[in-house]
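Report on one structure; see the data block that follows.
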Number of protein chains: 2
Amino acid sequence: MAAVPESHRATLADVAREAGVAISTASVVFSGKTKVSDSTRERVLAAAADLGYTGPDPMAASLRRGRSGIIAVVLEGQLRAAFLDPATIPMMDGLTDGIASLGAGLLLLRDEPGEGGVSPLTTAPVDAAVLVGCSGRTRASLEVLRSRGLPVVVIEGDAGEGIPQITLDNREAAAELARHVRALGHTDVVSVTLPPDSLRERGEVTQERLAAATVEVTVDRLSGVRSVYPGARAVSAAASSIDEGLIAGRALLADEVNRPTAVLAQSDLLAVGVIRAAEELGLRVPEDLSVAGFDGVRVDGIGDHVLTTMVQPAEEKGRAAGEQVARMLRGETPTSLHLTCRFRAGTTTAPIA
Amino acid sequence: MAAVPESHRATLADVAREAGVAISTASVVFSGKTKVSDSTRERVLAAAADLGYTGPDPMAASLRRGRSGIIAVVLEGQLRAAFLDPATIPMMDGLTDGIASLGAGLLLLRDEPGEGGVSPLTTAPVDAAVLVGCSGRTRASLEVLRSRGLPVVVIEGDAGEGIPQITLDNREAAAELARHVRALGHTDVVSVTLPPDSLRERGEVTQERLAAATVEVTVDRLSGVRSVYPGARAVSAAASSIDEGLIAGRALLADEVNRPTAVLAQSDLLAVGVIRAAEELGLRVPEDLSVAGFDGVRVDGIGDHVLTTMVQPAEEKGRAAGEQVARMLRGETPTSLHLTCRFRAGTTTAPIA
DNA sequence: TTGTATGCGTTATCAG
DNA sequence: CTGATAACGCATACAA
């Protein structure tokens with residue numbers, strides 16, 4: 001094998017010349033789209049090896065076929081923010097599977113304009129895009145993508161006309177959980193919610209605040225709870241994390257007089273935090289306090305508890321999005337999907353004493 | 001704005017014709033590489049808006065420029081496996097920063113061959129690649145990338161000749177932590193390690209097992225501990241998680257007779273698990289047991305403890321890799337970097353009683 | 001089965 | 001400041 005000349009990488013033309021065949025023939029040897037005699041193939045492959053040719057140039061191939069083999073995943077803000085949600089990773093794994101039939105890769109994009117002021121969304125060679133949690137700026141990203149004529153799928157976000165989206169039955173699922181708790185006899189229930197808006201302030205979720213809320217999932221899940229417990233009290237955390245749940249839990253449970261008998265947390269992480277707050281205060285879960293979560297992701301550090309929760313099909317969410325992308329790329333019409341969460345009985349809720 | 005014809009997206013040629021200018025002129029209006037009179041620019045922009053032209057086609061531009069604006073991040077196995085390590089996300093954020101000057105995006109690739117048997121590594125239109133945790137199959141990926149003539153940077157992995165790599169002073173950092181503990185008077189110390197190999201079995205780290213270990217970081221950190229505490233006992237966890245630390249901690253601390261006075265965990269997550277195990281058994285940290293971690297990432301759910309640990313420059317790791325990539329792309333010679341961890345005194349270690 | 005001819009949509013060079 | 005022109009490297013329809 002000859003050394004690779006840094007100056008000029010070998011091209012198909014070089015290989016063809018070396019092998020004494022036409023460029024198209026050499027091309028076909030690599031794409032496999034047409035039969036080629038064994039002898040020719042070998043000659044071509046030998047020439048390729050000799051020249052250090054490792055296959056068609058991806059950029060040239062992309063231009064020619066009109067496909068780059070890359071799907072964009074558009075997340076809000078910093079990566080670390082997006083990955084704070086434990087459902088994100090399984091979702092991405094599902095997405096990877098969903099687009100596996102395309103042999104495509106995932107391009108991680110933030111929805112912020114980059115250095116030069118131009119968003120990578122405008123300049124990235126992608127075949128399609130998946131928007132995750134479409135709110136605020138993401139809405140603008142959608143416009144850009146659409147105007148480029150790219151297939152777009154939205155996961156859990158307000159997409160608008162004619163854009164396939166993957167949604168969760170957040171409201172109904174929250175209601176189911178609430179009914180479970182009601183069936184256990186609880187009447188004094190508080191909801192610990194995700195941040196309702198980008199302000200991310202802790203505290204009571206008032207009417208005003210709810211009216212101005214921008215995070216759909218927060219609103220939906222709370223609405224589900226209140227369909228069972230009208231007017232139920234709700235306090236919001238500043239983020240979805242164990243520590244935030246702990247803070248909310250401490251505030252909630254410290255007041256012995258108005259202490260609820262059950263807490264419905266809008267995420268498993270928050271629920272774990274609440275449980276920990278309860279334990280700190282000497283309350284037993286579920287004997288003294290029932291706690292339910294939401295998401296059904298594997299939470300590290302929960303120890304022996306099994307959280308009562310609604311399991312969301314996180315991986316399925318990604319896979320579905322990927323499949324719709326694949327369909328659109330094949331020219332088929334995509335469909336929106338509404339996925340449902342599944343109730344999981346755990347050890348953290350019990351009949352009221 | 002005219003409707004976008006699905007049949008044929010407008011091209012620069014269309015815009016130029018509509019605006020009555022040469023293609024090259026229209027091109028410069030978008031690239032800004034040359035002065036253009038205001039009047040011409042406006043005509044071109046107007047024509048573009050009219051035709052629904054949103055800018056140069058990325059694939060064509062890529063081919064022409066020889067740059068796709070995409071950097072590959074090659075991770076081992078499933079995404080969820082890679083993201084189990086809490087240092088991964090800050091690392092990715094750093095990487096994003098590091099390549100910001102390139103205006104490039106990150107393409108997530110697994111190092112497994114895809115559907116058709118051909119790895120995306122061969123066909124993805126990327127300008128460079130960052131390999132994370134180079135072991136086993138990743139080693140083969142390196143070959144592929146190199147033969148394509150792409151710049152490659154390796155983060156925490158065995159890269160081989162002439163490939164710039166970003167490494168951590170795992171051994172020395174572990175030793176520093178051990179010295180801290182020794183200075184506190186502890187003589188009975190156990191190390192809870194990361195998995196030494198892909199078997200991921202829990203249990204005593206024997207001589208044989210250590211000799212057959214494949215995970216460099218595990219070996220290095222243990223070696224650092226043993227440079228201070230020769231022959232110190234070590235038990236391995238099956239993964240880096242709180243729950244695994246809990247399991248290891250229970251096993252370690254249950255035996256009252258041989259109970260160590262200090263535990264050096266190879267990750268913060270493991271350390272938190274050990275602390276929890278101690279608390280379960282009624283041991284106070286740090287009064288009855290000192291526990292130190294490694295990584296210095298923010299661990300959710302740790303409550304009020306501040307872990308004594310070595311803070312690894314996770315974000316810096318990514319940034320450094322990104323910067324080296326940027327350098328190589330600019331034709332400059334890259335350099336390998338050896339980053340050092342910083343000791344952070346917390347509330348989980350104390351002088352021996 | 002193999003070769004011929006086009007053009008995918010740009011950008012860079014250079015002349016006007 | 002603007003325009004003509006030549007690649008960039010390949011994949012396909014079609015002819016042989």
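The values are calculated or read from the model by the stated rules, or taken from the named source; none is laboratory data. Since this is a predicted model, take the numbers as computed values, not measurements. Backbone-built Cβ (ideal geometry, glycine too); neighbour counts: all protein chains shown. All accessible areas refer to the heavy atoms of the entire protein, side chains included, with ligands and DNA or RNA removed. Shrake-Rupley method; radii C 1.70, N 1.55, O 1.52, S 1.80 Å.
Name all residues of the range A:292-321 having a backbone nitrogen under 16 Å from the label point set 7 Å from the Cα of A:LEU281 along its Cα→Cβ direction, giving them as ranges. Under cut-off, by backbone N: A:292. Taking only alpha carbon atoms, the range A:169-311 gives an Rg to Rh ratio of 0.92, where Rh is the Kirkwood radius. Accessible surface calculations at 1.4 Å, restricted to protein heavy atoms, place chain B at 43 Å² per residue.
Could you work out how far helix B:88-98 tilts from the main Cα principal axis of chain B, as a 0 to 90 degree angle to the nearest 10? Its long axis makes an angle of about 40 degrees. For chain B, the calculated P(r), taken from all Cα-Cα distances in 10 Å bins from zero up to the bin holding the longest distance, is 5, 21, 24, 18, 13, 8, 6, 3, 0, 0 percent. Using a cutoff of 8 angstrom between alpha carbon atoms and counting only pairs six or more residues apart, the relative contact order for the range A:5-111 works out to 24 percent. For the pair B and A, the buried accessible area comes to roughly 4400 Å² in total, with a 1.4 Å probe and the value rounded to the nearest 100.
In chain B, the longest principal axis of the Cα atoms and the axis of helix B:38-51 are about 80 degrees apart.
The phi torsions of the range B:327-336, fed into the Karplus equation with coefficients 6.51, -1.76 and 1.60 and a -60° offset, translate into couplings of 4, 4, 5, 8, x, 7, 7, x, 10, 7 Hz, rounded to whole numbers, with Gly and Pro shown as x.
With a 1.4 Å probe on protein heavy atoms only, tell me which residues of the range B:205-252 lose at least 10 Å² of accessible surface in the complex relative to the chain by itself. Hits at the 10 Å² cut-off: B:SER241, B:ILE242, B:ASP243, B:LEU246, B:ARG250.
Can you send over the carbon and sulfur percentage of the accessible area for the protein assembly as shown, probe radius 1.4 Å, protein chains only? Heavy-atom surface of the protein assembly as shown belonging to carbon and sulfur, 1.4 Å probe: 52 percent. Of the beta bridges in chain B, as assigned by DSSP with both residues counted there, near 15 percent are antiparallel. Measuring r between the beta carbons of B:SER24 and A:ILE23 and using R0 = 41 Å, the FRET efficiency lands at 0.90.
Computed over the range B:1-55, the P(r) tail beyond 16 angstrom holds 32 percent of alpha carbon pairs. Between the helical axis of A:242-254 and the longest alpha-carbon principal axis of chain A there is an angle of about 10 degrees.
Ranked from shortest, the separations from the 7 Å Cα-to-Cβ label point of B:GLU280 to its equivalents in the other copies are 2.1 nm.
Across the identical copies, the 7 Å label point of A:SER31, projected outward along Cα→Cβ, sits 2.8 nm from its counterparts, in ascending order.
Entry note: the range A:127-181 has Rg to Rh equal to 1.16, where both radii use alpha-carbon atoms and Rh is the Kirkwood radius. The alpha-carbon atoms of the range B:273-352 define a convex hull whose volume equals 92 cubic angstrom per residue. A Förster distance of 25 Å, applied to the separation of the beta-carbon atoms of A:GLU112 and A:ARG209, puts the FRET efficiency at 0.45. Per-residue shielding of A:88-101, expressed as the average number of other chain Cβ atoms within 10 Å of the residue Cβ, stands at 3. For the protein assembly as shown, the alpha-carbon radius of gyration amounts to 1.06 times the rule-of-thumb value 2.2 N^0.38 Å expected for a compact globular protein. When only Cα pairs below 8 angstrom with a gap of at least 6 residues are kept, chain A shows a relative contact order of 18 percent. Relative contact order of the range A:136-184, taken over Cα pairs closer than 8 Å and 6 or more residues apart, is 21 percent.
Each copy carries B:GLY231; placing its label point 7 Å along the C-beta direction from Cα gives inter-copy distances of 7.3 nm, listed from smallest up.
For the range B:88-192, a Kirkwood hydrodynamic radius built from all Cα pairs, placed in the Stokes-Einstein relation at 25 °C and 0.890 mPa s, yields a translational diffusion coefficient of 150 µm²/s.
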